[in-house]
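The values are calculated or read from the model by the stated rules, or taken from the named source; none is laboratory data. Keep in mind that what you see is a predicted model, and the values were worked out from it rather than measured. Cβ atoms come from the backbone with ideal geometry, glycine included; neighbour counts cover every protein chain shown.
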Number of protein chains: 2
Amino acid sequence: MNPTTITAPPGTPFIDVVREFEASRTKVFRASTDPELVARWLGPRELEMDLHSYDARTGGSYGYVHRDAAGNEYAFRGVFHTVVPEERIVQTFEYAGAPDVVSVDCTTYEDLGGRTRLHTHTVFPSVEARDAALASGMEHGIVESMDRLDEVAGGDLPLLPEDDD
Amino acid sequence: MNPTTITAPPGTPFIDVVREFEASRTKVFRASTDPELVARWLGPRELEMDLHSYDARTGGSYGYVHRDAAGNEYAFRGVFHTVVPEERIVQTFEYAGAPDVVSVDCTTYEDLGGRTRLHTHTVFPSVEARDAALASGMEHGIVESMDRLDEVAGGDLPLLPEDDD
């Protein structure tokens, strides 16, 4: 597995995540936006995923619930400000357990020649909200999500008519 | 006119705007969300407003163009992450002249007993982007928008069936 680099400078509301994938940008982007594929990697492995919606286009919305073995539920939702296929996604993010703390993720997909670099820049409404999110163990969820995305994007994806890779 | 207080601490990506209105929260909120009313106050006075859409509900989108006397156009768009009537609006914001710089505004409406305090907390994706926005003269636009909103909210608004003020 490739490493996932998480950067969160002290005293800022920012988190940056960088990860390279041994899969084409076409596949990484599709795995990042197709609801059936997203449901297979978004979140840590130990949680059950209930993806209510994932309408990954500019102006679309999404929502999902993670459920642990004890039945505790963790709900998330947001809207897509920008979706440029294979290039960029800007979306809001809110965890129901921290209501009204809305962060924004800007994710870019860089073609490394058959391989892909994903970079997500996240900004929180305050330094304190960023620190609370980090303290909640989000790093574990990010690293496992990236590893699982690698498995999905690197596997056999259903071919679409426009595929050229 | 009541003063508009704009706070932008150096070295942060935040801008806070606080303004009180001599109008009820019902009226201020309606003037903030009804497209025909929004078109009457959003932006500085010297620009013509072309409001393409303003669907102020959770998951909705908006877009508008400001045009100056020379015909120069300034386009803006975003999505509404949260709209809780008379309480809170969280929305993204992007100026086409600074593409991919997406900020988030969280606006709360506080009932002061017939009067209303509006507070908008904005966060940019970087300190540099925040500083560039300030340098572009956005403070003038904010202050004039708040003054114009005061005029609209304090005027005779069309009554709606649910009105109780």
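Quick look at the values:
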{"quantity": "Of all residues making up the stretch B:74-83, the number that are more than 10 Å from chain A (Cβ to nearest Cβ) and hydroxyl-bearing (Ser, Thr, Tyr)", "calculated": "1"}
{"quantity": "Residue in the stretch A:24-42 that is of a type in the set (Val, Ile, Thr) and more than 18 Å from A:Pro158 (Cα to Cα) present", "calculated": "no"}
{"quantity": "Tally, over the stretch B:35-59, of residues that are closer than 17 Å to B:Arg148 by Cβ, assigned to a loop (DSSP other than H, G, I, E, B) and without any contact (Cβ under 8 Å) to a residue 40 or more places away in the chain", "calculated": "3"}
{"quantity": "Residue count, the stretch B:1-60 (criterion: surrounded by 15 or more Cβ atoms within 10 Å (Cβ to Cβ), small (Gly, Ala, Ser) and within 30 Å of B:Gly71 (Cα to Cα))", "calculated": "6"}
{"quantity": "Residues of the stretch A:115-146 satisfying the condition of being of a type in the set (S, T, N, Q) and within 12 Å of chain B (Cβ to nearest Cβ)", "calculated": "A:Thr120, A:Thr122, A:Ser126"}
{"quantity": "Selected residue [at pLDDT 95 or above, within 11 Å of chain A (Cβ to nearest Cβ) and closer than 25 Å to A:Ser103 by Cβ] from B:Glu86, B:Glu94", "calculated": "B:Glu94"}
{"quantity": "Filter result (closer than 28 Å to A:Val101 by Cβ and over 14 Å from the mean Cα position of the chain (by Cα)) within the stretch B:62-83", "calculated": "B:His81, B:Thr82"}
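Here is a yes/no grid of residues against (1) assigned to a strand (DSSP E or B); (2) out of contact with any helix residue (DSSP H, G or I) (no Cβ under 7 Å at 6 or more places or on another chain); (3) under 22 Å from A:Ile15 (Cβ atoms):
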{"site": "B:Arg77", "(1), (2), (3)": "yes, yes, no"}
{"site": "B:Glu110", "(1), (2), (3)": "yes, yes, no"}
{"site": "B:Gly113", "(1), (2), (3)": "no, yes, no"}
{"site": "B:His121", "(1), (2), (3)": "yes, yes, yes"}
{"site": "B:Asp131", "(1), (2), (3)": "no, yes, yes"}
{"site": "B:Gly141", "(1), (2), (3)": "no, yes, no"}
{"site": "B:Met146", "(1), (2), (3)": "no, yes, no"}
{"site": "B:Val152", "(1), (2), (3)": "no, no, no"}
{"site": "B:Gly155", "(1), (2), (3)": "no, yes, no"}
